[in-house]
Amino acid sequence: MDINKKDNNLIVTGLKDFNLHHIFDCGQCFRFNAVSENSYFGIAKNKALLISQNDDEVIFYDTTEDDFKNIWYDYFDLNRDYSEIKSRLSNDPIMKEAVSYGDGIRILNQDLWEAVISFIISASNNIPRIKGIIERLCENFGKQISYMGKTYYTFPDTDTIYSLSKEDLSVIRSGFRDKYIMDAADKFKSGTLTEEYIKSLSTPDAKKALMTINGVGNKVSDCILLFGLGRVDSFPVDVWIKRIMEYCYFDGEQSIPAISAFAEKHFGDIGGFAQQYLFFYARENKIGTE
DNA sequence: CACCAGGCAAGCC
DNA sequence: GGCTTGCATGGT
């Protein structure tokens, strides 16, 4: 990896296993969107970022070296060797095919609180609407930040969401999920759950702790573990994963627990990566929808 | 216009 | 324990 400054931009070359389309369209994050053929814009970690990619050259616009080293290097999981993970998964011919579709996927290291609220909102919802609800949450209650001459909004912190009434929250039109959002804020604000405490727990205990939040069940907790806590052995089973697993590994319908059990055995400690390659592959190929 | 979306909790047996 | 149902809203 090589970093060069040009004006206010950072030009990073030599990134392996890195593709913006794969990273931002594999369902892990809701605040980044394509703004042109090869560039994405979004907000994470209280920072806005415009990023573009041409083959080996990735440009972080209006970004300092400090922010790259302190924020984006970790956010994009650049310290991890994906080649090794991909080669391990590719012993399985099905995974080899899925990996070849999304060979530039990286699991983003997102903020825990944002993951908790975002995946509560994701329940029984579609991705365009999830993104809309989250944007309204940020625009109404986040802090203003300025980037490249424009104003954007951060993801609101626990105290801010805790202070909201149900009527305040109604502007985001989250439907029945509003009470779940408020329960998460209650539990984090009261200290029943804290980020430090959850991070100190083993994965099974962290999962149990997360599931004490109303609106956080099996699937949502797995997403929080994987995307907000870096527990890369988690294998969230949603409708897409259920369909593609039934299609690829089973002969017809299977229960979610059966699929989870199979994934745990089959993918072990790298289940989270397998899940992302499969999710991307299923959605790109619309597996099970026609 | 139905159908259903990255589910979950609560109420049944 | 497993199975059903209601849930708000809007994308397709």
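The values are calculated or read from the model by the stated rules, or taken from the named source; none is laboratory data. Predicted, not measured: the structure shown is a model, and the values here were computed from it. Note: ideal-geometry Cβ built from the backbone for every residue, glycine included; neighbour counts use all protein chains shown. We work out accessible area using only protein heavy atoms, side chains counted, and drop any ligands, DNA or RNA first. Shrake-Rupley method; radii C 1.70, N 1.55, O 1.52, S 1.80 Å.
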(message) If the requirement is being within 13 Å of DNA strand C (Cβ to nearest atom), within 19 Å of A:Arg231 (Cα to Cα), surrounded by fewer than 21 Cβ atoms within 10 Å (Cβ to Cβ) and modelled with pLDDT of 95 or more, which of these qualifies: A:Gly217, A:Gly132?
(response) A:Gly217
(message) Tell me the residue from A:Leu164, A:Leu193 that is more than 16 Å from DNA strand B (Cβ to nearest atom) and out of contact with any strand residue (DSSP E or B) (no Cβ under 9 Å at 6 or more places or on another chain), please.
(response) A:Leu164
(message) Quick test for you: out of A:Ala115, A:Ala34, pick the one residue that is within 20 Å of A:Tyr152 (Cβ to Cβ) and within 16 Å of DNA strand C (Cβ to nearest atom).
(response) A:Ala34
(request) Check every one of the helices (runs of 4 or more DSSP H) wholly within the range A:105-185 and list those with 3 or more residues that are within 21 Å of the chain's Cα centre (by Cα) and within 16 Å of A:Gly42 (Cβ to Cβ). (result) A:112-121, A:127-141
(message) Please verify whether A:Lys242 is within 17 Å of A:Cys26 (Cα to Cα) and modelled with pLDDT under 95, treating the condition exactly as stated.
(response) yes
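The rows are residues; the columns are (1) touching a residue at least 60 places away in the same chain (Cβ under 8 Å); (2) among the hydrophobic types (A, V, I, L, M, F, W, C).
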residue: A:Gly104; (1), (2): yes, no
residue: A:Leu108; (1), (2): yes, yes
residue: A:Ser118; (1), (2): yes, no
residue: A:Asn126; (1), (2): no, no
(message) Please go through (1) within 13 Å of DNA strand C (Cβ to nearest atom); (2) at pLDDT 95 or above for A:Leu193 and return the number of the only condition it doesn't satisfy.
(response) (1)
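Could you check the range A:135-161 and list, in sequence order, the residues that are among the hydroxyl-bearing types (Ser, Thr, Tyr) and surrounded by fewer than 17 Cβ atoms within 10 Å (Cβ to Cβ)?
A:Ser146, A:Tyr147, A:Thr151, A:Thr160
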(message) If I filter the range A:79-88 for residues that are under 18 Å from the mean Cα position of the chain (by Cα), at pLDDT 95 or above and either assigned to a helix (DSSP H, G or I) or of a type in the set (Val, Ile, Thr) (or both), do I get at least one hit?
(response) yes
(request) Would you check which residues across the range A:47-78 are in a loop (DSSP other than H, G, I, E, B) and either farther than 18 Å from A:His22 by Cβ or open to solvent by less than 70 Å² (accessible area, probe 1.4 Å) (or both) and list them? (result) A:Tyr61, A:Asp62, A:Thr63, A:Thr64, A:Phe76, A:Asp77, A:Leu78
(message) Give me the helices (runs of 4 or more DSSP H) completely within the range A:230-290, filtered to those with at least 1 residues that are without any contact (Cβ under 8 Å) to a residue 60 or more places away in the chain and open to solvent by 40 Å² or more (accessible area, probe 1.4 Å), ordered by residue number.
(response) A:239-249, A:256-267
